[in-house]
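The values are calculated or read from the model by the stated rules, or taken from the named source; none is laboratory data. The structure displayed is predicted, hence computed values, not measured ones. Neighbour counts run over all protein chains shown; Cβ positions are idealised from the backbone, glycine included. To get the accessible areas, we keep the full protein, side chains included, count just its heavy atoms, and leave off ligands, DNA and RNA. Shrake-Rupley method; radii C 1.70, N 1.55, O 1.52, S 1.80 Å.
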Amino acid sequence: MPKNKTNNITYGSMMIALFAILLGLTFYIPFVGFITAFIVLLPIAWYSANFERKQAILVTTISIIISFIIGNIGGLIFGLLIAPLGFIIGDSIRGNKSKLYMLMASTIFILFMTAVQYIISILVLNINVLEQFLESVEIYYERLGNMMSSVGQLPENYDAMVNKSLQLIEAIMPTYFIGGAFILAFIYLIINLPLLKKLKLDVPKFSKFVDFRLPKAVLWYYLIVSVITLIVSFEIGTFGYLLFVNAALILRTLLFLQGVSLIHYYFYVRGWPKSAAILATFLAVPLYTFTIILGVLDLGFNLRGFLKDRYKK
């Protein structure tokens, strides 16, 4: 048997065994399991980064089967998410892809698997998680209304306000899914990439947050969406309403990040400590609208250039 094939089998078996151990800890040891849940994919990522794609897919597939053996249906659901995610990260490293590519690919996969599992839960288990969530929110508002009514503080239009809030929550649910998938992918990357680096892999890096800069097209998209929402009144629940509400929320989030990046850049050119920039980041949250304006001005008028000319030595 050739040496390289021997290595494929040997290291593949080792990584599958390590994956199984981490998965078992995740499912059956509560406190330790919370920690290991974020590094279960590490063996798959390492193997996928070091060996050919064909062998990595085989190891990933076996790991999914092992997940079902260890954790039954719950293990299979978790394995279908985590094992391919490890493959994506490792394969991206092997192909010398950027960290941004890795983040986007991981986010898209998590979104895809979330959608698949959501559909399966409805069709097979007859469980609609979204409906259950909305029902719990409705029950909360109902109890809150009863409490306010008992002390004579219930607004006259309370029911209309509640219905509007529930419709808005349901409308922006796609944005919450996208944001949640992005945050989850980012967490997995910031935890596992340093560990993979310690295992002698050449992992990519993000550029510094002070250098974060969106394409100017984002500003134009935001202006277009803002103008359309001002001149066109979409009926709640229609496709246009869902489209523009979610687009506006996503664009505002991006511009908020652009504004926070500008604040960090200002602290950077002034030579102020990073701790002050972190504190300013927390203060930017309640000043959400003002921070968005900073992001718009930064993209539209290149405030960084002005700050650099004035303060940079």
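With respect to Ser136, determine if the residue is of a type in the set (S, T, N, Q) and open to solvent by 90 Å² or more (accessible area, probe 1.4 Å).
No, not satisfied.
Listed by first and then second residue, the pairs linking a residue in the range 150-173 that is within 17 Å of Phe244 (Cα to Cα) and in contact (Cβ under 8 Å) with a residue 40 or more places away in the chain to a residue that is outside any helix (DSSP H, G or I) and open to solvent by 70 Å² or more (accessible area, probe 1.4 Å), with Cβ atoms under 6 Å apart and 6 or more places separating them unless they lie on different chains, are Gln167/Ile236. Consider the range 196-209 and keep the residues that are free of Cβ contacts under 8 Å to residues at least 60 places away in the same chain and surrounded by 12 or more Cβ atoms within 10 Å (Cβ to Cβ). The one that is nearest to Gly90 (Cα to Cα) is Lys197. Tallying residues that are exposed (fewer than 12 other Cβ atoms within 10 Å of the Cβ) and outside any loop (DSSP other than H, G, I, E, B) within the range 210-230 yields 4.
Out of curiosity, is Phe244 aromatic (Phe, Trp, Tyr), in a helix (DSSP H, G or I), in contact with a Ser or Thr (Cβ under 7 Å, 6 or more places away or on another chain) and under 30 Å from Gln167 (Cα atoms)? In short, yes. Among the residues of the range 5-37, how many are touching a residue at least 40 places away in the same chain (Cβ under 8 Å) and open to solvent by 70 Å² or more (accessible area, probe 1.4 Å)? The number of residues fulfilling the criteria is 2.
Evaluating Ala248 against the criteria (1) farther than 16 Å from Lys208 by Cα; (2) surrounded by fewer than 19 Cβ atoms within 10 Å (Cβ to Cβ); (3) over 19 Å from the mean Cα position of the chain (by Cα) leaves one unmet condition, (3).
Taking residues in the range 258-281 that are touching a residue at least 24 places away in the same chain (Cβ under 8 Å) and small (Gly, Ala, Ser), and partners anywhere that are open to solvent by 20 Å² or more (accessible area, probe 1.4 Å) and in a helix (DSSP H, G or I), the pairs with Cβ atoms closer than 6 Å and at least 6 places apart or on different chains are Gly259/Leu294; Ser261/Phe209. Note on the range 112-132: residues that are of a type outside the set (D, E, K, R) and open to solvent by 100 Å² or more (accessible area, probe 1.4 Å) total 6.
Residue-level analysis places Phe109 outside the set of residues that are assigned to a helix (DSSP H, G or I) and open to solvent by 50 Å² or more (accessible area, probe 1.4 Å).
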